[in-house]
Amino acid sequence: MTTRTGSAPVAASKQEAHAADRRMRWTGRIAAWVLLLGVWQLLSSYVVESFILPSPAIIFDKMVEIAQSGLLLKNFGASLNKLVQSFAIFFALGAAIGTLMAVSRWWEDFLRDSVSLAISLPGLVYILILLLIFGSRGIAPIAAVVAAVAPYVTLQFWEGVKGVSTDLLDMGTAFEVKRWHVIRHIIIPALIPFTFTAVTHGFSLGWRLVVLTELFGGSAGIGFQMRTEFGRFSVRGVIAWALFFFVFSLLLDRMIFAPLSKRALRWREGETA
Amino acid sequence: MSAQVKLAPLSPDNGAGPRPEAAKPLWRRVRSGYLFPIILLALWVIIVPNLPTEKIPTPGKVLTFMWDEIRVNTVAPKSVYYSFAISLARLAVGVVISMTIGMIVGVASGLSRRFDAFARDYVVASLVLPGLIVALVAALWFGFTFLTPVVTVVFATFAYTASNIAEGVRDVPRDLIFMADSFGVNRSAALRHVTLPSLVPFLFVSLRYTISLGWKALTIAEIFGADQGAGWMLRFWYDANRIQGLIGYTFFFAIVTVLVDRVLFEYLARRLLAWRGDVAGAFQR
């Protein structure tokens, strides 16, 4: 009885504290954005010339103009197309090699140093070399993105598959659990978390590299547009396209990957709580 | 070097135990580990000269190029030593500024939830902001100056230090602070003997990320906004349409990276983490 009467105010105050915390977070966040936009506006209207730092409104106008002219859709489609094609290849490649390395000792020793070397090279190097060899059209941009991102996916799968609990697998065998049940209840749940990480990182890394390849060659895409605007010394254009690039990464992460991974990892919540 | 893959600060179980491979005789590990590069090299030697194209250089051509560069017998306007020296100088300045800003922001957000609420979006935005965008804008603003690469390095990396240090500050052992309080240890002594040592591993991880990410950001910045430096040399050979130059410089980059990694980090790890016997293994990842 006493505990019950005692717990109600505790819960209420806890909720209140939670609400206060939320309020504080949002105040801080809004303050940060207001400050940023304010300083930007002040700088562009009083301190530097508009062609050096255009005001937020000018950038916004430019973005609307790009969107309305159809340039956005066309270039965005070109970049996305490259991303999807290269993603299919580097993910399959990375998953296969990583799993092989996790399962077989020999392959692990065989490839270990090469994978770490491949990761430590900047993606830029692959891009420059492959573009120079194959030209900037056709297969080269995709090959460059694949070469740069596949090692990261390999690493994820290499570490992830190794983490599958062999104890549980042994137990499954010992208790003669059906093969399908072992896959469904032991292997798949163990694979999901790092597969998600691999997909998320693969997409965000791949997206950057696609744009980077377009900066050096090609005739369409967000990176190509940035290069064009850069060549015209147009800060307005570069920032506008950069914001599109940025918004797309954020949307992809917040609207697709975050909810998906939350859903797929629901089963873990009971464990951690 | 999973710089982009993992942001988690050091966890004690990560590679702390002796790796089973270490038990193997050295020659076996060496042989299997280097087999793959050797096979690649063999393929390169055998296949490339038989290709119908002249574009892809043979290993001999690349080695000749590198040897010429090392002897400063080059058609490029700047020698390889000068290029890497200037790039490393830019990197060093950028890293120092980035770590300083990162530490100030990190400590402030670790200590004050109010400040954390304010700074969080900046930190997150900077974490996801690719170096190439910073590089382009910096190149437009500052031109071919010392500032372009340095500003790029700072903006592309400070958030890693900030978020790591913030975690570290939240992780400082409360018990020890309380104990220091109740035994009347003065503030600076507590800071020196409790807070700082427990931050060192986080600083160390941050330094690693900062250098490895900063190096990549710096290369991009030098390609678009510099007229000297190692990154600019990549652009020079790209524009000159000489693949042996690109590949040769890639090897130079790899050598410098390994040197920095080995010399700087092993020295720092030995010095700064000597008090923590178990931690050495964690840095050999």
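The values are calculated or read from the model by the stated rules, or taken from the named source; none is laboratory data. What you are looking at is a predicted structure, and each value in this text was computed from that prediction instead of being measured. Every residue, glycine as well, gets a Cβ built from its backbone with ideal geometry; the counts of neighbours run over all protein chains shown. Surface areas here come from the heavy atoms of the whole protein model, side chains and all, with no ligands, DNA or RNA. Shrake-Rupley method; radii C 1.70, N 1.55, O 1.52, S 1.80 Å.
In the range B:125-148, the residues whose accessible area drops by at least 30 square angstrom when the other protein chains are added to the isolated chain are B:Val128, B:Pro130, B:Leu132, B:Ile133, B:Leu136, B:Val137, B:Leu140, B:Trp141; the probe is 1.4 Å and only protein heavy atoms count.
Here the dipole of chain A is about 600 debye; that uses its Cα centre as origin and unit charges on the Cβ of Lys and Arg (positive) and Asp and Glu (negative).
In terms of its C-alpha gyration tensor, the range A:6-113 comes out oblate, because a/c is 1.5 or above while a/b does not outweigh b/c. Chains B and A together bury some 5100 Å² of accessible area, summed over both sides, with a 1.4 Å probe. Straight Cα distances below 16 angstrom link A:Lys74 to the aspartates and glutamates A:Glu65, A:Glu214, with same-chain residues fewer than 8 positions distant left out. Over the residues of chain A, the helix contribution to mean residue ellipticity at 222 nm works out to -27000 deg cm²/dmol, using -39500 (n - 2.57) for each DSSP H run of at least 4. For the residues of B:112-118, the average number of beta carbons from a partner chain within 10 Å of their own beta carbon is 5. Our coupling estimate for the range A:86-94, obtained by passing each phi through the Karplus curve with A = 6.51, B = -1.76, C = 1.60 and θ = phi - 60°, is 5, 4, 4, 6, 5, 6, 4, 5, x Hz, Gly and Pro reported as x. How about the range B:54-88: which of its residues lose at least 10 Å² of accessible area in the presence of all protein chains relative to their chain isolated, using a 1.4 Å probe? Buried by the other chains: B:Lys55, B:Ile56. Remark on the range B:185-224: accessible area falls by at least 50 square angstrom from chain-alone to full-complex state for B:Lys216, B:Phe224, probe 1.4 angstrom. Take the solvent-accessible surface of the protein heavy atoms, probe 1.4 Å, and return the percent of it on the protein assembly as shown that carbon and sulfur atoms account for. Within the protein assembly as shown, the accessible surface is 67 percent carbon and sulfur. Solvent-accessible surface of the protein assembly as shown, taken per residue with a 1.4 Å probe and all protein chains present: 54 Å². Note on A:118-126: average number of Cβ atoms from other chains within 10 Å of each residue's Cβ is 6. Listed peptides A:120-133, B:68-81, A:89-102 appear in the order A:120-133, A:89-102, B:68-81 once ranked by packing, highest mean of other Cβ atoms within 10 Å at the front. Computed from backbone phi, the HN-Hα couplings of the range A:64-74 come to 4, 4, 4, 5, 6, 6, x, 4, 4, 4, 5 Hz, rounded to whole numbers (Karplus: 6.51 cos²θ - 1.76 cosθ + 1.60, θ = phi - 60°; Gly and Pro given as x).
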